[in-house]
1. Answer with yes or no whether Glu126 is in contact (Cβ under 8 Å) with a residue 12 or more places away in the chain, open to solvent by 70 Å² or more (accessible area, probe 1.4 Å) and among the charged types (D, E, K, R).
2. Of all residues in segment 12-61, which are of a type in the set (S, T, N, Q) and outside any helix (DSSP H, G or I)?
3. Of the conditions (1) loosely packed, with under 14 Cβ neighbours inside 10 Å; (2) in contact (Cβ under 8 Å) with a residue 60 or more places away in the chain; (3) of a type in the set (Gly, Ala, Ser), Ala11 satisfies every one except a single condition; which number is it?
4. Name the residues in segment 33-53 that are open to solvent by 50 Å² or more (accessible area, probe 1.4 Å) and under 14 Å from the mean Cα position of the chain (by Cα), would you?
5. Output the residues belonging to segment 135-173 that are in contact with a Gly (Cβ under 7 Å, 6 or more places away or on another chain), assigned to a loop (DSSP other than H, G, I, E, B) and open to solvent by 10 Å² or more (accessible area, probe 1.4 Å).
6. Run down Ala84, Ala56 and say which single residue is modelled with pLDDT of 95 or more and surrounded by 16 or more Cβ atoms within 10 Å (Cβ to Cβ).
7. Here are the criteria: (1) at pLDDT below 95; (2) at negative phi. Tell me which single one His94 does not satisfy.
Amino acid sequence: MHIMKPSDIEAKSFEIIGRELGGRPFDKLQEPVIKRVIHTTADFDYADNLCFSEDAITRALTCIRGGACIVTDTQMAMAGINKAALKKQGCEIHCFMADADVAEKAAEEGITRAAVSMRKASLIKEPVIFAVGNAPTALLELERLIKQGCISPGLIIGVPVGFVNVTESKDMIMKLDIPFIVAKGRKGGSNVAAAIVNALLYMA
């Protein structure tokens with residue numbers, strides 16, 4: 001075993017992923033996203049779990065190239081997104097979960113900070129891509145805000161992980177007339193949300 005450069009490790013990893021997928025055909029625009037999620041998780045289930053609305057990638061790339069804001073539901077997802085790639089596209093990134101006003105409002109109403117942080121994000125004037133990797137309540141609040149006409153996101157990445165309201169919240173997002181990338185079922189996580197954003201940034 002010899003020491004490899006980081007770029008060589010990544011290239012070798014993607015080579016292994018391609019080989020283990022056995023030449024399985026994917027949509028050319030979806031393939032880099034699927035493979036980056038597998039690279040991040042070492043979980044080949046994402047080859048089947050990831051669902052894309054029609055033209056989701058094309059519309060997301062247009063949004064990113066226009067300098068969209070990325071909003072995450074966790075500091076972990078925000079930390080995992082490549083800042084150099086964000087800067088190159090002129091994109092900003094926000095996570096409002098730790099904001100004092102969000103915590104105060106959540107306690108006052110008896111709801112999650114994730115839900116309140118989505119409300120705060122709805123005030124952003126620029127196009128927004130939501131990357132939700134942890135909180136189903138963030139997706140439920142987004143659905144409510146969209147149906148009320150408060151927001152029209154450029155893309156929703158809906159990949160929360162867990163057991164309570166997870167699959168239901170994802171199903172609700174997939175029924176909206178909004179571009180989405182969703183991981184069906186219980187799997188997901190902040191790392192998956194970050195991986196999807198990074199894949200889109202690298203493609204852009």
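The values are calculated or read from the model by the stated rules, or taken from the named source; none is laboratory data. On a predicted model such as this, the values are computed, not experimentally measured, just so you know. Don't worry about glycine lacking a Cβ; one is built from the backbone with ideal geometry, like all the others, and counts go over all protein chains shown. Only protein heavy atoms, including side chains, enter the accessible area calculation; ligands, DNA and RNA are left aside. Shrake-Rupley method; radii C 1.70, N 1.55, O 1.52, S 1.80 Å.
1. Numbers: in contact (Cβ under 8 Å) with a residue 12 or more places away in the chain: yes; open to solvent by 70 Å² or more (accessible area, probe 1.4 Å): yes; among the charged types (D, E, K, R): yes.
Yes.
2. Applying the first criterion (of a type in the set (S, T, N, Q)) to segment 12-61 yields 13, 30, 40-41, 49, 53, 58.
Matches in segment 12-61: Gln30, Ser53.
3. (2)
4. So in segment 33-53, the residues open to solvent by 50 Å² or more (accessible area, probe 1.4 Å) come out as 39-40, 42, 44-45, 48.
Of everything in segment 33-53, just one residue is open to solvent by 50 Å² or more (accessible area, probe 1.4 Å) and under 14 Å from the mean Cα position of the chain (by Cα), namely Thr40.
5. Val161
6. Details: Ala84 fails: surrounded by 16 or more Cβ atoms within 10 Å (Cβ to Cβ).
Unique residue meeting the criteria: Ala56.
7. It is condition (1) that His94 fails.
Yes/no per residue for (1) among the hydrophobic types (A, V, I, L, M, F, W, C); (2) over 25 Å from Leu29 (Cβ atoms):
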| position | (1), (2) |
| --- | --- |
| Ala100 | yes, yes |
| Ile124 | yes, yes |
| Phe130 | yes, no |
| Glu141 | no, yes |
| Ile196 | yes, no |
